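For reference, the structure is listed below as structure tokens.
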Ligand code: SF4
């Protein structure tokens, strides 16, 4: 079937060996997996968030920290049965709080097929859909069963920036439609116990050098939609790497002034749930008194 899983709608017939923009093929390709302790506190719990880092990506971000597998495809093509065993180990052996699917979009049909035998055995964790935010409502709706918790970025408020920095045309419209859908479908974060979120939305606001006003604009948009009930994580740890090293303004860190502008906007627009990292990640202030580890966000979606 022609692939239309992401907003690019390449219509590549991947089952026949064709590939589209993301280069994902006819099997799930995984770079690594295991318990991860750097996510937001409600996702980590005692034993970590059970991350599966999928290779390939629907975006091409100049500043990607995961370029060996997102841009260059490092990892292994694995049978669906092997993905089942990975999910089983994360749940049963590692006792993780959730299955955290990092950049899952090109592989959603395989993930659903891999999880089915586990459900039949009564093994089930909440799914975290860990996404850079370039999604379609059609795909989110069709794979709603793989999205108990949305950990979703808002990276841009200007499509020209999205094109220049991530080769992602139509990002802003797609991203905002996705967040509207997720807010309606999942609502604010809900937890059984500390460190054990079961359902809801966390929006990551990535502060980019030279574009802090776009992050503030996204917070204004969320507030204007009445979404101040969502958790937001304002991310300060931008590090110029990979192609960003040669591309101003992405070739420098975020300044303290830029970061303060966004952190203050979160406050001004009335967000009371979530986290604001201390500048340079030396400490963490927060909106609600919840603590985030300084290593948060080392691996980005
Ligand atoms: S998931 Fe990949 S192949 Fe499918 S539409 Fe998106 S970029 Fe194209």
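The values are calculated or read from the model by the stated rules, or taken from the named source; none is laboratory data. All values derive from a computational prediction rather than experimental measurement. For neighbour counting, all protein chains shown are included, and Cβ atoms are generated from backbone atoms with ideal geometry for every residue, glycine included.
Brief remarks follow.
- Condition met for residue 62 (within 17 Å of residue 1 (Cβ to Cβ), more than 10 Å from the ligand (Cβ to nearest atom) and assigned to a loop (DSSP other than H, G, I, E, B)): no
- Within the stretch 112-133, being closer than 21 Å to residue 73 by Cβ and in contact with a helix residue (DSSP H, G or I) (Cβ under 6 Å, 6 or more places away or on another chain) holds for one residue alone: 114.
- Residue 260 being modelled with pLDDT of 50 or more and either part of a loop (DSSP other than H, G, I, E, B) or closer than 21 Å to residue 220 by Cβ (or both): yes
- Screening the candidates 51, 96 for the property of being farther than 21 Å from residue 142 by Cβ, in contact with a helix residue (DSSP H, G or I) (Cβ under 7 Å, 6 or more places away or on another chain) and in contact (Cβ under 8 Å) with a residue 60 or more places away in the chain yields one hit, 96.
- Across the stretch 57-66, not a single residue is classified as more than 30 Å from residue 247 (Cβ to Cβ) and in contact with a helix residue (DSSP H, G or I) (Cβ under 8 Å, 6 or more places away or on another chain).
- Verdict on residue 68 being more than 16 Å from the ligand (Cβ to nearest atom) and either surrounded by 22 or more Cβ atoms within 10 Å (Cβ to Cβ) or in contact (Cβ under 8 Å) with a residue 60 or more places away in the chain (or both): no
- Test result for residue 221, in a strand (DSSP E or B), closer than 23 Å to residue 135 by Cβ and modelled with pLDDT of 90 or more: no
- Strands (runs of 3 or more DSSP E) wholly inside the stretch 136-213 containing at least 1 residues that are touching a strand residue (DSSP E or B) at 6+ places or on another chain (Cβ under 6 Å) and modelled with pLDDT of 95 or more: 149-154, 196-206
- Residue in the stretch 252-267 that is without any contact (Cβ under 8 Å) to a residue 24 or more places away in the chain, surrounded by fewer than 21 Cβ atoms within 10 Å (Cβ to Cβ) and under 22 Å from residue 189 (Cβ atoms) present: yes
- Considering residues of the stretch 19-29 that are out of contact with any strand residue (DSSP E or B) (no Cβ under 6 Å at 6 or more places or on another chain) and more than 10 Å from the ligand (Cβ to nearest atom) only, the residue nearest to residue 86 (Cα to Cα): 28
- Residue 105 in contact with a helix residue (DSSP H, G or I) (Cβ under 6 Å, 6 or more places away or on another chain), surrounded by 19 or more Cβ atoms within 10 Å (Cβ to Cβ), over 23 Å from residue 122 (Cα atoms) and modelled with pLDDT of 95 or more: no
- Taking first residues from the stretch 6-18 that are within 9 Å of the ligand (Cβ to nearest atom) and partners that are in a helix (DSSP H, G or I), the Cβ contacts under 8 Å between residues at least 6 apart in sequence or on separate chains come to 6/105; 6/106; 6/139; 7/171; 7/174.
- Filter result (farther than 14 Å from residue 110 by Cβ and surrounded by fewer than 16 Cβ atoms within 10 Å (Cβ to Cβ)) within the stretch 11-22: 11, 13, 16, 17, 18
- Those residues of the stretch 41-59 which are under 14 Å from residue 99 (Cα atoms), more than 14 Å from the ligand (Cβ to nearest atom) and under 16 Å from the mean Cα position of the chain (by Cα), in sequence order: 42, 43, 44, 49, 50, 51, 52, 53
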